[in-house]
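The values are calculated or read from the model by the stated rules, or taken from the named source; none is laboratory data. None of the values given here were measured: they were computed from a predicted structure. With ideal geometry, Cβ positions are generated from the backbone for all residues, glycine too; neighbour counts draw on all protein chains shown.
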Amino acid sequence: MRSTLTPDSAPPGADRLARLQGALVGAELDALLVTALPNIRYLSGFSGSNALLLVPAVGEATLWTDFRYATQVKTEVRGGVRAVIEAHSLWSALLATLREPGAGARRIGFETEHLSHRDAHRFLDEARDAASEWRPTTHLVEALREVKDAEELARIRTAVAIAETALERTLPTIRVGQTELEVAGRLEFELRRAGSEGFPFECIVAAGDRTALPHARPTSRAIGAGEFLLIDFGAVHAGYCSDLTRTVVMGPPSDRQRAIHDLVREALGSASAGVRAGMRGWDADAIARDYIARGGYGEAFGHSLGHGIGLEVHEAPRLSSTADAPLPVGAVVTIEPGIYLEGWGGVRIEDDVVLHPDGPELLSRFPRELVSL
Ligand code: ZN
Ligand code: ZN
């Protein structure tokens, strides 16, 4: 295994709150109200479906949740976070805490991308007095989440391994005449059997001309002889996602099928070997995009090259023609070039890569060569 990204002696996740608190000081905030559940899980360890987290720039954070999670918080919530089980309204409890004597006159950030209008109304209008200033923020916790620590990387490695096992067990069961839905069902079964907690997104299984739809939903369409079959799926382990795609062919491939698959596979190879921490997202994207364009199919690769994976299957950083942000050391990203020809079909191949200081490491090892079933 490669060098880890945090000292081995540190307990997993211990420094996340401290890193956020450093960012709050830098942003001149006295506290951050965290409402995005993946951000709450990242910072506190709590994986339930209903919570608010208040992180002060200095001192202990407070997590409010409800009775359903009274036992769960005891095993999940990390040090540095005080968990409160609230019988009525989490928002009322939060605002009551903020109104306690000595707690006022503070600048409190909120996550403007992760708040309903109704909830924002609760403090912007009804509870103006609970802070001296309510300040909209974006990307404070997400920026920390871009850089995976050793525990997170280990979890993603396992999620990748589960996905690869599931695909390995599913491919030999696929026959001409089965429907896309049947294949998706088998894949989901094998994901569960291999240990996946769930599905980071609905499995994409598309056959024939439907492989030209980058985000096809599986249907009752039967898979025909000689057709492409595109499978895009992932596993979840301890909250962390993997995301893989392979395109196979039902029988011997035609020359054109092989040529297009080769082009996508080579574009993936050049990007997954050439991507580096420090590179801007658009420069990473350009490695594969330029390769496909030189092959004559630039117009047929219409989506971005990749995205971060972690607690969410689509998170920062982005590898796209509009992403100017540099890719940080420790990011785990997908590389997923594709070519889509309406009415004919398409190919996408997707792997997961971690960006070490000395270069990329491929996390997914499933063969990229065109498989004939
Ligand atoms: Zn995918
Ligand atoms: Zn993806």
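Annotations
- Figure legend. Inter-residue proximity from the stretch 310-326: first residues within 11 Å of ligand 2 (Cβ to nearest atom), second residues acidic (Asp, Glu) and not in a loop (DSSP other than H, G, I, E, B), beta-carbon distance below 6 Å, spacing 6+ or different chains. Indicated pairs: LEU319/ASP285.
- Set side by side, the residues ASP129, ASP125 differ, and just one is touching a residue at least 12 places away in the same chain (Cβ under 8 Å), more than 29 Å from PRO317 (Cα to Cα), surrounded by fewer than 16 Cβ atoms within 10 Å (Cβ to Cβ) and not assigned by TED's automatic domain parsing to the domain that holds GLY330, which is ASP129.
- Number of residues in the stretch 296-330 that are within 16 Å of ligand 1 (Cβ to nearest atom) and out of contact with any helix residue (DSSP H, G or I) (no Cβ under 9 Å at 6 or more places or on another chain) equals 5.
- Scanning the stretch 112-150 for residues that are out of contact with any Ser or Thr (no Cβ under 8 Å at 6 or more places or on another chain), acidic (Asp, Glu) and at pLDDT 95 or above yields GLU142, GLU146.
- In the stretch 213-226, residue farthest from the chain's Cα centre (by Cα) [restricted to those that are more than 27 Å from GLU312 (Cα to Cα) and touching a residue at least 40 places away in the same chain (Cβ under 8 Å)]: ALA225
- Criterion applied to GLU342, GLU369, GLU299, GLU315 was being closer than 30 Å to ARG41 by Cβ and either more than 21 Å from the chain's Cα centre (by Cα) or acidic (Asp, Glu) (or both), and the one residue passing it is GLU315.
- Taking every residue in the stretch 227-245 that is part of a loop (DSSP other than H, G, I, E, B) and pairing it with any residue that is within 10 Å of ligand 2 (Cβ to nearest atom) and aliphatic (A, V, I, L, M), at least 6 positions away or on another chain, the pairs with Cβ-Cβ distances below 7 Å are GLY234/LEU244; GLY234/VAL313; SER242/ILE309; ASP243/ILE309; ASP243/VAL313.
- Any hit, the stretch 338-346, residues being within 13 Å of ligand 2 (Cβ to nearest atom), outside any helix (DSSP H, G or I) and surrounded by 21 or more Cβ atoms within 10 Å (Cβ to Cβ): yes
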